[in-house]
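Below you'll find the structure, written out as structure tokens, and then a few comments.
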2 protein chains.
Amino acid sequence: MPMETIRHSLAHILASAVQELYPGTKFGIGPAIENGFYYDFALPSEALAKEGLSSDDLPKIEGKMRDLIKKNITFKKKSVSEAEAKNIFKNQPYKLELINELKDKITIYESGEFTDLCAGPHIKTTAKINSDAFKLTKIAGAYWRGSEKNQMLTRIYGLAFETKKELENFLNLQMEAEKRDHRKIGKELDLFVFSDLVGKGLPLFTEKGSIIRRELERFIVDEEIKRGYKHVYTPELAKVELYKVSGHYPYYKDTMYPVMKIDEEELILRPMTCPHHYQLYASKPRSYKELPFRLAELAKQFRYEKSGELTGLIRVRSFCLADAHIICQKEKAVEEINSVLDLIEYVASALGFKKGVDFRYRLSLGLRTDEKKYYKDDKAWDFAEDALRHVLKKRKSPFFEAENEAAFYGPKIDIQMKNFAGKEETAFTVQYDFVGPKRFDLSYTDNAGQRKEPVVIHRSSIGAIERIIAFLLEHYAGSLPFWLSPVQIAIIPITDKQVKYAQALKKELRSFRVEIKDENETVGKKIREGEMQKIPYLLIVGDREIKTKSVSVRERGKGDLGMIKVDNFLERIKKEINSKK
Amino acid sequence: MPMETIRHSLAHILASAVQELYPGTKFGIGPAIENGFYYDFALPSEALAKEGLSSDDLPKIEGKMRDLIKKNITFKKKSVSEAEAKNIFKNQPYKLELINELKDKITIYESGEFTDLCAGPHIKTTAKINSDAFKLTKIAGAYWRGSEKNQMLTRIYGLAFETKKELENFLNLQMEAEKRDHRKIGKELDLFVFSDLVGKGLPLFTEKGSIIRRELERFIVDEEIKRGYKHVYTPELAKVELYKVSGHYPYYKDTMYPVMKIDEEELILRPMTCPHHYQLYASKPRSYKELPFRLAELAKQFRYEKSGELTGLIRVRSFCLADAHIICQKEKAVEEINSVLDLIEYVASALGFKKGVDFRYRLSLGLRTDEKKYYKDDKAWDFAEDALRHVLKKRKSPFFEAENEAAFYGPKIDIQMKNFAGKEETAFTVQYDFVGPKRFDLSYTDNAGQRKEPVVIHRSSIGAIERIIAFLLEHYAGSLPFWLSPVQIAIIPITDKQVKYAQALKKELRSFRVEIKDENETVGKKIREGEMQKIPYLLIVGDREIKTKSVSVRERGKGDLGMIKVDNFLERIKKEINSKK
């Protein structure tokens, strides 16, 4: 018995319970969904509908469902004519609307007192349901058929699993995931805010959030320069013409911001950086000696995501991508892609993400038959896909292949990051491009003096800064590694007498981010607050510490480490910062 | 005799010479200008007009002018009626057009064979002119009365001074200024480029230009953080509403990019950062304990300058301002402004700009009577202007006052940077704002628990990064200080045999930006090239240097320093970098 069927049947039982508790309810639809089910309905009396149900009502409905399940109700399927169906559902306007659209045979399911318009399948009887393994979780509003133009219905969601244990595990995981939600942590730790006046999907980073961002930005820029990238700055906007030449415009138009017409120019915010970098490359004739030409940038990009898709820092309307374009000989592409994966794995590991556990590789392929979505050049696609596959195999990197996920200009390797609840998002990508150089007529002179066409590898090493911050906050539940912590050390003087010592100490620790907690509060409260703020080290100083030039150290997650000489503590954290822990 | 009169008379002599050389020429106008004069005219025959004059013709015209001057020609002024004037200029259509617009008395000046419609004044005779102290400099096209709709005339420019020495000094200065033009240096040193496809006024920084930019950005961010600024990141765009609330929209609309309408939102690229920072401040209730609240940002800003006003990196359409807003108690404003000037003077001096020589202060005041341009609150203006004046006086900073140069929300101190040719541009500003807090309802709780309104100090410490790079390139004629040089050291192996040593050396110098010049060229050519690239140190290595673990050092501007032990050289440049030289 697939869980999906049980979940679907539970939706009917939910509707049945609602019908008994609130006679006269009008029903929408009630499908099985991932991990559970829901049902949409309009409550009967206007008064009740206005007041609505609250989560307080869920136990009562859940109880009624358990009563029904105990009755061992049978699900009976019947085929009916349109006229019969219309008669059966004569008081159910939403069902009547659905019946009018049904072309083929109409089937209904009877389960006890409740009858639904439904194609099934369903379980035979409610005996199949484990009464301990389901739970109603929340009430929400939902427009009939998902359209704002229609009436708002009430939706009740439920979870359902095979065993009570599975349900509990899922609930625990969800609770933990909620605790780790970067939006929640961002608020608790005062890292970023949104403003109605600024606009949706446009985060403003506070001082503390900006510290994390700056650390990440400098880390990646320095690392890339060390690896031979040329880090540049190019404008956030350009003439629309640029994206028409690049071929991006028709593919990305829907998520691009509108054109800004002024004087003789039509400008647009950039949705990507590639054509800008091509313009830098093309500003001079290039020789093979200059290749691979690795152009990197912390590039602001602008895409107008639908407001329903905006999610904290994960999906925003303006983001900063650690972007790069490697322009190289076709025969050097494999080597370059391999170096890119080296960099990506180094960065991921420095951030604490484990390959195979926190992320995995996806080889995203084109679809030869879709000439509208993908540039037509079968030979080039074959070559490029083989090249990417070859690199992954040679590195013995576990990966899976996904057809029809490529860019229009070539295949790519996506680094799929898994969040705590198991949901995957693309964090970084490496893309092979044989189209861009043609469109911009990029070239180099080879060692025989011949004009040759290079290929381009598009890649991101750390992804969008906004998104990686979200991943990090969730991965560490806010307890970021020492080097990324906005406040690294808090000094807590026991009384006013030690404030001067605290200030001298702060000076000694000046290459770190140190806060003195000298508010008029108890030491206990200051410690609790420091822990809530996830500060890696709390240094408590009293007279005893002053006398021995020491600090009493509390380390985040480890508690009291006892008294440590200031010099030793300094050495310890210097080591910690150098190992990027 | 003011030079202006001599210059104006020289314009007439120029016209007179042109009339003799090209009979039938139609004349436009010919005024005195800064350092010289010009005359606009249309050449007589169509053929000649089409072919035009070239700078090759200038010596001939100049010679004719000298001939005329020698003749000791007298300038005679006459009052004439409109009818007389129309008769005198019956073959001069441009003059006739001007006569039609003259309301009052019409005067003409006769000088030898040439008669001009002119109000004067002029010199008595050409004996007053020093024939050695003027020079025709260039020919350009100029529309009649400056309108594109009119005919294009030929304009000849000339310089004129009292003495030959002055003329020569000016010409030398101009030649030096041309050599120092940051657009020329930018091209020679490959620092930035423009692209027709990207758009006007939107520079793309190359690897080398980006190094300068990144060094400056990190320098200013680190310095500001050290001085108690909270460095943040806020979005480049926002809802138009934000700028309507701030009051900027009506004042800056003309240079703002157009509104982007999508879905329910109207977004616009920001022309300034203040309202964004106010939103961060207002995201929480604030206490006096948190003030002064100094928010700083490397903020991208967007203003649509007219294409005629775009100038290299000095005037662009998108720039990155080292911006900050200090929100503080009104009674703390003077102290904060003083600290800002400390910072500005520190930064200017670190970059090598001298107060009083390279820059001076301008106190830009409002105009009480202009209620349209300036927010009406006489008392607040008086207070703010006095505060700024007080700070400047107390610091004993030389400054001058300029009425009607303030922002709409308050007076400001402008730091006026002088370029090599003496032209002034505003580099940084400190502005006092009593309007912003009102418009955004900003507040703090004072130590008595009362809600109070703060003031805002807008300031920039290093100005727009683009503009300061232009200033620096011109100031140093491309020979940037060691810490800002894109390539700091070039290693030149004498033969292929020393390449390995050069590579080991590069590794040893890895905290610096080092290039190995191992192309197949002579050492002499490599040295010349290194000098052209303005590289601070060239290290020549042969067998002798290998044997003694030394390098032969050539320092930029100083030449050969002889052989130096590698360790000693390393020590020297470490010192240099720490002193930011």
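Here are the numbers for the structure shown:
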quantity	calculated
Space enclosed by the convex hull of the alpha-carbon atoms of chain A, per residue, Å³	229
Chain B, relative contact order [Cα under 8 Å, separation at least 6], %	10
Translational D in µm²/s for the stretch A:516-575 (Stokes-Einstein at 4 °C, 1.567 mPa s, Kirkwood Rh from C-alpha pairs)	107
Sequence-distant residues sharing a close amide H with B:Gly28 (under 5 Å, placed H)	B:Asp40, B:Phe41, B:Ala42
Net charge dipole size for the stretch A:94-252 [Lys, Arg +1 and Asp, Glu -1 on Cβ; Debye, nearest 20]	220
Selection from B:Pro93, B:Val316, A:Leu570, by position along the positive dipole direction of the protein assembly as shown (Cβ)	A:Leu570
Assigned charges on the beta-carbon of Lys, Arg, Asp, Glu; the stretch B:489-579 dipole about Cα centre (debye)	220
Options A:Ala348, A:Tyr361, A:Ala333, ranked by Cα towards positive dipole end of the stretch A:291-405, top entry (Cβ charges)	A:Ala348
Rounded to the nearest 20 debye, dipole of the protein assembly as shown from Cβ charges on Lys, Arg, Asp, Glu	2340
Contact order relative to length of the stretch A:303-386, as percent, for alpha carbon pairs under 8 angstrom and 6 or more apart	12
Base-10 log of normalised Debye intensity for the stretch B:385-543 (one unit scatterer per alpha-carbon) at q = 0.10, 0.13 Å⁻¹	-0.64, -0.78
Accessible surface of B:Lys77 - all protein chains present, 1.4 Å probe, nearest 10 Å²	120
Sequence of A:Val193, B:Val391 when ordered by accessible area, the most exposed leading, probe 1.4 angstrom	A:Val193, B:Val391
Reciprocal mean inverse distance between Cα atoms of the stretch B:406-484 - Kirkwood radius, Å	15.3
Label 7 Å beyond Cα on the Cβ vector: A:Asn578 copy-to-copy distances, nm	1.8
Percentage of interatomic Cα-Cα distances in the stretch B:19-149 larger than 21 Å	46
Where B:Arg459, A:Arg528, B:Arg510 fall by accessible area, highest first, once all protein chains stay in place (1.4 Å)	B:Arg510, A:Arg528, B:Arg459
Estimated inter-spin distance, A:Lys76 and B:Lys164, nm [label 7 Å along Cα→Cβ]	12.3
Inter-label distance, nm, simple model (7 Å from Cα along the C-beta direction), A:Arg451/B:Glu266	5.0
Centre separation in Å (Cα based) which lies between the stretch B:526-563 and the stretch A:373-445	46
Cleavage-rule hits (GluC sites (Glu not before Pro)) in the stretch B:451-543: DSSP loop, at most 16 neighbouring Cβ within 10 angstrom	B:Glu519, B:Glu521
Cross-link reach list, aspartates and glutamates versus B:Lys394, counting only Cα pairs under 16 Å and skipping chain neighbours closer than eight places	B:Glu335, B:Glu336, B:Asp342, B:Glu345, B:Glu385, B:Asp386
B:Ser147 - accessible surface, heavy atoms, 1.4 Å probe, Å² rounded to 10	40
Cβ crowding within 10 Å averaged over residues, with B:253-263, B:217-227, B:401-411 ranked highest first	B:401-411, B:217-227, B:253-263
Protection-proxy order for peptides A:321-332, B:349-360, each taking the mean of Cβ atoms within 10 Å per residue, highest first	A:321-332, B:349-360
Nearby lysines by direct alpha-carbon distance to A:Lys354 (threshold 17 angstrom, same-chain neighbours under 8 apart not counted)	A:Lys396, A:Lys418, A:Lys423, A:Lys580, A:Lys581
For A:Arg66, inter-copy label distances in nm, listed shortest first [label point 7 Å out on the Cα-Cβ vector]	11.4
Pairs beyond 23 Å (Cα-Cα), from A:Lys575/B:Lys575; A:Lys208/A:Lys306; B:Lys64/B:Lys164; B:Lys376/B:Lys438; A:Lys300/B:Lys506	A:Lys575/B:Lys575; A:Lys208/A:Lys306; A:Lys300/B:Lys506
GluC sites (Glu not before Pro) within the stretch B:148-184, DSSP loop, no more than 10 other Cβ atoms inside 10 Å	B:Glu148
Cross-link partners of B:Lys547 among aspartates and glutamates (Cα-Cα below 18 Å; sequence separation of 8 or more within a chain)	B:Asp496, B:Glu508, B:Asp567
Karplus (6.51, -1.76, 1.60) ³J(HN,Hα), θ = phi - 60°, over the stretch A:10-20, in Hz, Gly and Pro reported as x	4, 4, 5, 5, 4, 4, 4, 5, 4, 4, 5
The stretch B:489-579, relative contact order in percent, only Cα pairs under 8 angstrom and at least six apart counted	27
Residue mean of other protein chain beta carbons inside 10 Å, A:203-214	6
Amide H contacts under 5 Å for B:Ile33, placed H, 5+ residues apart	B:Tyr38
Teacher prompt: A:Lys90 distances to equivalent labels in other copies, 7 Å Cα→Cβ, nm	10.7
Square roots of 5 times each gyration tensor eigenvalue, C-alpha, the protein assembly as shown, largest first, Å	65, 39, 35
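The values are calculated or read from the model by the stated rules, or taken from the named source; none is laboratory data. Here the structure is a predicted model, which means the values were calculated and not measured. Cβ coordinates were reconstructed from backbone atoms using ideal geometry, including for glycine residues, and neighbour counts include every protein chain displayed. For accessibility, only protein heavy atoms count, side chains too; no ligands or nucleic acids. Shrake-Rupley method; radii C 1.70, N 1.55, O 1.52, S 1.80 Å.
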